[in-house]
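The values are calculated or read from the model by the stated rules, or taken from the named source; none is laboratory data. Bear in mind the structure is a predicted one, so any value in this text is a computation, not a measurement. Backbone-built Cβ (ideal geometry, glycine too); neighbour counts: all protein chains shown.
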C-alpha cells in the first residue's frame, strides 16, 4: 500500500532516470530494487524516504572490474526493503546523512573501505579501520596479507607443525 | 571546562574493547562523548570473499558468539534465495528452535551483566545460573555452549529425536519458573530501580530517527521486530509462532531490560509450541545445490534486533560480495543520545543497556 | 613457601566475545570450581600478575596491548583463551589481524577451543596460577602438567578434539576444503597419506565431520585443551592412510571404502565387484562389463 504510492511518486519525479524491479521471497516479503542512472538522484530518493518515515538500514559498496564502484543503499519503509543502486566512476558520491541520519556509519565505512568519498558527510574520522591500514583496503582483489608476504600466515605456521612432527 | 575521563579500551567492566573519551562537568554530568571504535575489526568482509560457501557457514557464525546462530541462518537464507531452494519445513522448524534458544541465552547474559554492573551480587549469580540451563542444553544437543553449527544450505545439520525433545522440554520447564521469578526481582529490586529508572533516556522520536531495532526499540515504544514486520522461515509459515511482545514505554535502561525479559519468555513459549508439533520429514536436501550468479537481501531478528545480509554471487564457489548490518550498528548511535546529560558513573550501565555486540558491529 | 595472590586482568584483542562471555561464566558460576583458585579480579593492569588474553590481535588493539603490558611487573603469567589467541584461528590471513598473541608477549598457557568450555578455561587458569607460583619460588617451570581440577565431564555429544578412523578415510580432502580455519592438512608421503589435524587452530565447528562422505573424521568429547606454550605446535592428531597396488596395472592407488562403493553402485552387488582396481582400470572394467 504504502510502497506503491512511494514508487508512483518516484516514477513521476525521476521518470527515465530510474529503473524499478520488484520481487517477492518465498515467504511473501516484498522488496524493491531500484537503479539510478545518475548518482545525484539519490537526493530525491532520500527525501521521499524521509517523508515516508523510512530509515537507512545500511549501504553496500563493491568495486567493479572496470574500476568503478557500485553503491547499494538498503532502506526500510514500514517492513519493506528498498534497495537503491548508484554507480560512481570518480571515487565520490553525495552523502544522504544530512537527510537521513541513519546512513551515517554506512557512508563512512564506504569511505574507509573503498576510498570513495561521501561529499557533504558531517563526520570525517575513520570508523573501524585502524590508521596503520591504508584506506580502500577492500578494493584489493587479492588478500593483502598474501600480497605483502608472498605466503600466508597459515603456511608459515603449518611449517612449524611439520617440523615438530619430523622431530618426533 | 570540565574534566576528561577515559574508559577503556581494556577495562574489567567492558566485555569487549571500546574506548570512551568523556568530558564531564563538576557534577559528573557528561557534556561531551567521543567513542573510538575498531578494536574488534577483523576484516571479515574481505575474509568471506576468500573462503568457499561451506567455510563461510562457520566464518559467519564467528562474527559474534552471542548471536552466532543468526548470522549463518541469515547467510543460508540469502544463498537459498539466490539458488531458489525450498527448505524442508522440519529444517525450518529446527532452525527456529536453535535460534530461540540462542535468543533466550543471549538476553539472559545481558541481564546478568546488568546486575553485575549494579553490584547486585545475588541477582547476578541467579541470572547466570538460570542461563546455565540453556548453556547445558546447547552443549548436550548441539555440542558447544556458544556456537551451535546448525545451519546448512537446504536445511540443518542436526535432528531431534523424541528423547532429545523430552530433554529440552524438561530443562525448559525447570528454567521457566526461574526466569519469571528473575523478572519480578529485576522489576522490584531497589538497587536496580535506583540505577536504571530514568537513566539513559532514548525518546521515541529519537529512536525512530536513528533507526534503532530490537529490545532497544522495544524499550522506547517501537516494535519493529522482523519476525512480525517481515516474517521469514517458520514465523511466516506458522504466524501463531510470532512473538506477542508489546513494546515498553519507559525509554530507559530498565525498559530495555524488561523488553529483554519479554523476549526470553516469548522465546521459550515459541520453542515449546514448536516442539509439541514438529513438522516431519527431512532435515536437509541430499543434493548439494549449485549457487548461480545473483544477488539477494535477507533479514532476520537477532537477539539484539534486525540483522540483514546482502549477498552477491557469480556462480563460483566463493561469494564476490557479502555485507551484513547488525542491530548494534544503528543502536550504537543512540548511545550518544543516552549518555549525554547523564552521569559518568552510569556510562557502562547505559552501554550495557543497548546490549552492544561490538564484534558484530565492527566485523 | 612463597605464594603470590593471583590477580587477574583480562584483555580482549578482538575476540568474537565468545571467550569473554564464557570466561565470565567460568569466574561467576560455582560449578566450574574457579573460586577454589582464589583469583582476584584486578581493576588495573598494573596490579595484575595473571594476564588473560582473548582474540586474534587486531591492528588497532596491538599498540594498546603493547602499552598495557609495559605496566606489568614481574613475575607474571600469560594465559591465552581460545583458538584465536593461540594462532589467530579462523581470522588468520586477514589484513586487520596482527596476531597471534605470542608475537607481542610470551605466553605460558594456551586454552584451545571456540570458545573453550568453562571447565577448560578454569583448568587453564589453574595451570597459570601453578606456573605463577613456580615463578615466585624461582623453580623450574613444569611443561608437562597433570590435570589440576578434578571431576569435570563432558556430554558424549560435546564437539571436542578431532580424531580420524584411518581405515575409513580415502584422503579425498573434503575435510581440508570445508575447514574454515585451516586446521587440517593432508600430504602424500611415499606410499601413504599423512592426515594432520592441528588442535590449536581448530575451531571445533564439526564442519569436517558433517561433510565427510565416509564418516571417517569425528569429534571426540575430549576437552583437555589447556596446554603449555611448548605444546603449541605439537598438539596434533596424526593418522596415516594406506594405499594399495592395483591388481591390474600395479599402480599405487587409494581404495574406496565399501560405503562409498555402495553409493556409486546402487544396482550392483558390490561383493561381486573386483575391489582391487585403481580408478582407471575400474573404468575399463566397468565398460567391458556393461557394454561389451
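Checked against the criterion of being under 30 Å from residue B:119 (Cβ atoms) and under 19 Å from the mean Cα position of the chain (by Cα), segment B:284-303 has at least one qualifying residue.
Which one of these is free of Cβ contacts under 8 Å to residues at least 60 places away in the same chain and either crowded, with 24+ Cβ neighbours inside 10 Å or within 9 Å of chain C (Cβ to nearest Cβ) (or both): B:14, B:66, B:94, B:59? Working first, answer last.
Numbers: B:14 fails: free of Cβ contacts under 8 Å to residues at least 60 places away in the same chain; B:66 fails: free of Cβ contacts under 8 Å to residues at least 60 places away in the same chain; B:94 fails: free of Cβ contacts under 8 Å to residues at least 60 places away in the same chain.
Going through B:14, B:66, B:94, B:59 in turn, just one is free of Cβ contacts under 8 Å to residues at least 60 places away in the same chain and either crowded, with 24+ Cβ neighbours inside 10 Å or within 9 Å of chain C (Cβ to nearest Cβ) (or both): B:59.
Anything in segment B:33-43 that is surrounded by fewer than 22 Cβ atoms within 10 Å (Cβ to Cβ) and either touching a residue at least 24 places away in the same chain (Cβ under 8 Å) or outside any strand (DSSP E or B) (or both)? List them, or say none.
At the first step, the residues of segment B:33-43 found to be surrounded by fewer than 22 Cβ atoms within 10 Å (Cβ to Cβ) are B:33-37.
Answer for segment B:33-43, where residues must be surrounded by fewer than 22 Cβ atoms within 10 Å (Cβ to Cβ) and either touching a residue at least 24 places away in the same chain (Cβ under 8 Å) or outside any strand (DSSP E or B) (or both): B:33, B:35, B:36, B:37.
Would you mention how many residues in segment B:181-202 are touching a helix residue (DSSP H, G or I) at 6+ places or on another chain (Cβ under 9 Å) and loosely packed, with under 13 Cβ neighbours inside 10 Å?
Pass one, segment B:181-202, residues touching a helix residue (DSSP H, G or I) at 6+ places or on another chain (Cβ under 9 Å): B:181-183, B:185-187, B:189, B:191-193, B:195-202.
Pick out the ones that are also loosely packed, with under 13 Cβ neighbours inside 10 Å and you get B:181, B:191, B:197.
Here the count works out to 3.
Evaluate segment A:82-89: report whether one residue or more is more than 28 Å from residue B:50 (Cα to Cα) and either surrounded by 14 or more Cβ atoms within 10 Å (Cβ to Cβ) or modelled with pLDDT under 90 (or both).
Kept after step one, since they are more than 28 Å from residue B:50 (Cα to Cα), are these residues of segment A:82-89: A:82.
With either surrounded by 14 or more Cβ atoms within 10 Å (Cβ to Cβ) or modelled with pLDDT under 90 (or both) added as a condition, the list becomes A:82.
The answer is yes; a qualifying residue exists.
Restricting C:104, C:139 to those that are surrounded by fewer than 16 Cβ atoms within 10 Å (Cβ to Cβ) and more than 30 Å from residue B:167 (Cβ to Cβ) reduces the list to C:139. Among the residues of segment B:151-165, those that are in contact with a helix residue (DSSP H, G or I) (Cβ under 9 Å, 6 or more places away or on another chain) and farther than 19 Å from residue B:52 by Cβ comprise B:156, B:158, B:159, B:160, B:164, B:165.
Checking C:220, C:257, C:201 one by one, the residue that is out of contact with any helix residue (DSSP H, G or I) (no Cβ under 8 Å at 6 or more places or on another chain), surrounded by 14 or more Cβ atoms within 10 Å (Cβ to Cβ) and at pLDDT 90 or above is C:220 and no other.
Scanning segment C:249-292 for residues that are touching a residue at least 60 places away in the same chain (Cβ under 8 Å) and not in a loop (DSSP other than H, G, I, E, B), which turns out farthest from residue C:169 (Cα to Cα)? So that I can check it myself, show each step before the final result.
Residues of segment C:249-292 that are touching a residue at least 60 places away in the same chain (Cβ under 8 Å), as a first pass: C:252, C:254-257, C:259-260.
So of that shortlist, the ones also not in a loop (DSSP other than H, G, I, E, B) come out as C:252, C:259-260.
Details: C:252: 16, C:259: 11, C:260: 11 Å.
Top of the filtered list is C:252.
Per the conditions (1) surrounded by fewer than 22 Cβ atoms within 10 Å (Cβ to Cβ); (2) in the same structural domain as residue C:39 (by TED's automatic domain parsing); (3) touching a helix residue (DSSP H, G or I) at 6+ places or on another chain (Cβ under 9 Å), the sole criterion not satisfied by residue C:116 is (1).
For segment C:51-80, what are the residues that are in a loop (DSSP other than H, G, I, E, B), over 27 Å from the mean Cα position of the chain (by Cα) and either within 14 Å of chain A (Cβ to nearest Cβ) or crowded, with 24+ Cβ neighbours inside 10 Å (or both)? Spell out the reasoning first.
Start the filter on segment C:51-80 by keeping residues that are in a loop (DSSP other than H, G, I, E, B), which leaves C:55-57, C:59-60, C:70-76.
Next, only the ones that are over 27 Å from the mean Cα position of the chain (by Cα) stay: C:70-75.
Across segment C:51-80, there are no qualifying residues.
The residues of segment B:305-318 that are crowded, with 24+ Cβ neighbours inside 10 Å and in contact with a helix residue (DSSP H, G or I) (Cβ under 7 Å, 6 or more places away or on another chain), listed by number, are B:305, B:306, B:307, B:309, B:311.
Look at (1) within 11 Å of chain B (Cβ to nearest Cβ); (2) free of Cβ contacts under 8 Å to residues at least 40 places away in the same chain; (3) under 30 Å from residue B:59 (Cβ atoms) and you find that residue C:41 fails only one, number (3).
Selection of segment A:78-107 for residues being farther than 28 Å from residue B:37 by Cβ and more than 11 Å from chain B (Cβ to nearest Cβ) yields A:87, A:89, A:90.
So in segment C:204-217, with the set limited to residues that are assigned to a loop (DSSP other than H, G, I, E, B) and in contact with a strand residue (DSSP E or B) (Cβ under 9 Å, 6 or more places away or on another chain), which one is surrounded by the fewest Cβ atoms within 10 Å (Cβ to Cβ)? My answer is C:212. Within 25 Å of residue B:29 (Cβ to Cβ) and over 22 Å from the mean Cα position of the chain (by Cα): is that true of residue B:315 in this structure? No.
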